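For reference, the structure discussed in these notes is given below.
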Amino acid sequence: MIYLDNAATTMRKPQVVVDAVVEALQSMGNASRGTSEASLVATRADYVARERLARLFGCPWADHVAFCSNSTEALNLALMGLVRPGDHVVSTDLEHNSVLRPLYRLRDERGVRLDFAGADGQGRLDYEALERLVVDGTRLVAVTHGSNVTGNMVDVRRVADVVCFTGHKGLMGPQGTGGLCLAEGVDMAPLKVGGTGVKSFLETQPDEYPTRLEAGTLNNHGIAGLSAALGWLEELGVEAVRAREDLLMRRFWDGVRSVDGVRVYGDFDQAERCAIVALNVRDYSSSAVSDELSQRWGIATRPGAHCAPRMHRALGTVEQGVVRFSFSYFNTEDEVDVAIAAVRELAA
């Protein structure tokens, strides 16, 4: 199989990730639940992972990195924990349903007012509209760092006080890992309350971070794998990984962008973008094209709406969807060339 669905999950992991999960399964107890060596191994491993995530995302303190099961849970935690009844929130048409559905829920249940900055036919965010929508009383601006449909990136430096992340995509960790990082001065109400292993006589969740946001047993085995992936990224260099993925993405884009009958979506003039190429072949259903790629060439892609309905309305692809090719450090030039040849044959 030629796996080009890395924006859904990176299937090929560094070997150190596999080794770390196996070792954790055989050695770890429950973090922050006792002083046995097995418990301390898990607690220390969690802290190393927090430190690595803090360095990666520019978080001022490791204890302001909280673990969740994925970015969806982290986004629910952030949105439900920061937005109050009657607040005003600004977001964009680039967003995934992991942002949109919590926002719509806040609108319906808390009377939160929502505004969305639009995108053009190539999925580019309207920054002027975004700035106009932010007014006195705006509580929060929620934006994706990169569109999961087009790969277009957003300048999050303008807005980011909370970064939500998942472990199983670009970070190359296991599924079931993720979390968020809090900037200085951000105070967030917990989404879940329950056991923490400390201050057990309190009737409320402890105030200290990260305990405030982490009720219940963490996925310590998955976090061990994520930490190993982060160590691998640090050693190799994030920029080296990005450069490799960018090279593969642009090789594919260059091979398909001028093919008769192929339409490519997204802004490829951006110097920095996600390693994604979204396209359609003539008027064929994206699902039919993706299935053909899988059945005939063994190429895994992702068709459809990608949980991003507003983005597809902006692109004009509500009915057809798009076929998304997403690349990883572990893909090869030969695999890219097979995919180019397959798209050309389908278009012909």
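The values are calculated or read from the model by the stated rules, or taken from the named source; none is laboratory data. What you see is a predicted model, and the numbers here were worked out from it, not measured in a lab. Because the Cβ atoms are built from the backbone with ideal geometry, glycine has one as well, and the counts that use them run over all protein chains shown.
Got a sec? Which of ALA54, ALA7, ALA74 is buried (at least 19 other Cβ atoms within 10 Å of the Cβ), in contact (Cβ under 8 Å) with a residue 40 or more places away in the chain and either in contact with an Asp or Glu (Cβ under 6 Å, 6 or more places away or on another chain) or in the same structural domain as TYR209 (by TED's automatic domain parsing) (or both)?
The match here is ALA74.
For region 276-286: of the residues being surrounded by 14 or more Cβ atoms within 10 Å (Cβ to Cβ) and out of contact with any strand residue (DSSP E or B) (no Cβ under 7 Å at 6 or more places or on another chain), which is nearest to THR301 (Cα to Cα)? By that ranking, first place goes to SER285. Check region 2-15 and report whether any residue there is farther than 23 Å from ALA142 by Cβ, in contact with a Phe, Trp or Tyr (Cβ under 8 Å, 6 or more places away or on another chain), of a type in the set (Lys, Arg) and modelled with pLDDT of 95 or more. There is at least one residue in region 2-15 that is farther than 23 Å from ALA142 by Cβ, in contact with a Phe, Trp or Tyr (Cβ under 8 Å, 6 or more places away or on another chain), of a type in the set (Lys, Arg) and modelled with pLDDT of 95 or more.
Listed here are the residues, each with its yes/no results for (1) of a type outside the set (Ser, Thr, Tyr); (2) in contact with a Leu (Cβ under 9 Å, 6 or more places away or on another chain).
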position	(1), (2)
LEU230	yes, yes
ASP269	yes, no
TYR284	no, yes
HIS306	yes, no
VAL318	yes, no
ARG324	yes, yes
VAL343	yes, yes
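Residue count for region 93-144 under the criterion of being within 20 Å of LEU191 (Cα to Cα), surrounded by 21 or more Cβ atoms within 10 Å (Cβ to Cβ) and over 21 Å from the mean Cα position of the chain (by Cα): the result is 2.
Among the numbered conditions (1) exposed (fewer than 14 other Cβ atoms within 10 Å of the Cβ); (2) within 18 Å of the chain's Cα centre (by Cα), the only one that ARG273 does not meet is (1).
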